[in-house]
Structure formats: C-alpha cells, structure tokens
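Note sheet for the following structure.
The values are calculated or read from the model by the stated rules, or taken from the named source; none is laboratory data. Bear in mind the structure is a predicted one, so any value in this text is a computation, not a measurement. All Cβ positions, even for glycine, are placed from backbone atoms using ideal geometry, and neighbour counts span all protein chains on display.
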Amino acid sequence: MMKVIDFQKYDSLMSLYMAELRDRNIQKDPMRFRRNLERIGEIMAFEISRTLQYRDLTVQTPLADAECRVIDQKVVLATIFRAGLPFHQGFLNFYDRAENAFISAYRKYKEKGDFEVCTEYLAAPDVNGKVVILSDPMLATGVSMEMCWRALLSHGTPAHVHIASVVASKQAIDYVKNVFPSETTTLWVGGIDPSLNSHSYIVPGLGDAGDLAFGEKL
C-alpha cells in the first residue's frame, strides 16, 4: 500500500505556513506567498531525507578524523511549471547537489469547461535507479502529476518517487494511489481537502498558486 504523509495531522511550523498560504489577505503579498511555498518545500525536503539510504564517510577536521553519515543515493528534483518553481526552490535549498528536471503541464480547455492536461516541455537528466522528488503545489485531479511522471519515464525508471504537494484533494489522493506503483511511491502533502468544484479546483484550497506567486495570466 502506498504511504501517504499528511502534515496537517501533526502540529508544526508547517501549520503556520499553510494557514498563511490559504489566507486571502496574506495572499496579497506575492513575495510572502512564494516564500511560504519555499519553506514548505524545505520542511518536506528534510523529512524525505530521513527515508534515504546513507553511508559512512570519514572527514578530516583540523584536529582529527570524524566519522559522518552522508546520502548514498542520487536525487533528482522534478517540478511542474510555473507554480512549482518556488516550491522546488525549497527542495533545492536542501538538496543543493541534486540534478533537476522541469516539465510544463497546463489545462487546455474545450467547450463547456471541459479540459485536457497537455505537456509540451521536458528537460530532465537520466533518472534510472535514482530517487525522484516530483513536486507541484496543487494536486487537484492527479492527472497532471501522472502525465509528468510518465514523461519522466522516457528518461529511465526511478528507484523511488516521492510526490510532494502543498494541498491535495481526496479525489487526487485516490487517483495517485491507483496509477502510481505503490511499492516505489510515497506521497507527501501539506493538507488534504475534501472536494473539487465544477472547474476542478480544490475546495477550500487556496486559489490559483501560479497566479498568486507570479501574477495573473491572460
């Protein structure tokens, strides 16, 4: 069974940053919105680091040798344009030697408000046998996450995928559990909301993360 870590079940600084992200008055400050996404990325980066494989390393200090432990796996940080960029930066602050992958995914709307998710851009290293942290602030339906994961598979098969989202819908959680390999996928979310509206936006959610971080688009 896929492991799902829901941070809203535990009191921590994450709770404060989540509250500020959702608050429509604090959202008026795009810089603070981006910074809170980054902070949540940093917290998740640390927690994910506790699940990785480590090895012993002897380090020479000015006085003597010191026995240390360092990560013994290659990490790839992957994110979805554009809302994922500040969230991604939080992970990059901690995994500063990681390789990076970037994917574009957007909703192409049809008549009557229907849409399909399209991907048009992928820049990624070889991910074969590596740990991939795939991040996107909003996990609404789960379709964008699946399509980006499948795009990454053209560059190899990861040893493990950590999906990281700030807010997810219950529907998306169920969807991800059905389409991702359960034994090699872990899902990390800042909070799980109960529903989607008619436009497939998470309710209560926080609004359009991309617009709040970078300004409204046409």
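For segment 132-175, the tally of residues that are touching a strand residue (DSSP E or B) at 6+ places or on another chain (Cβ under 7 Å), part of a helix (DSSP H, G or I), over 21 Å from D208 (Cβ atoms) and not aromatic (F, W, Y) stands at 2.
From the set of residues in segment 63-98 that are surrounded by fewer than 21 Cβ atoms within 10 Å (Cβ to Cβ) and over 19 Å from F46 (Cβ atoms), which is nearest to the chain's Cα centre (by Cα)? Filtering first and then ranking leaves L85.
Per the conditions (1) loosely packed, with under 11 Cβ neighbours inside 10 Å; (2) outside any helix (DSSP H, G or I); (3) out of contact with any Leu (no Cβ under 9 Å at 6 or more places or on another chain), the sole criterion not satisfied by L52 is (1).
Test of understanding: among M44, M18, which residue is surrounded by 17 or more Cβ atoms within 10 Å (Cβ to Cβ), more than 14 Å from the chain's Cα centre (by Cα), of a type in the set (A, V, I, L, M) and outside any strand (DSSP E or B)? Result of the check over M44, M18: M18. In the condition set (1) among the polar types (S, T, N, Q); (2) more than 20 Å from the chain's Cα centre (by Cα); (3) at pLDDT below 95, S104 is compliant with all but (2).
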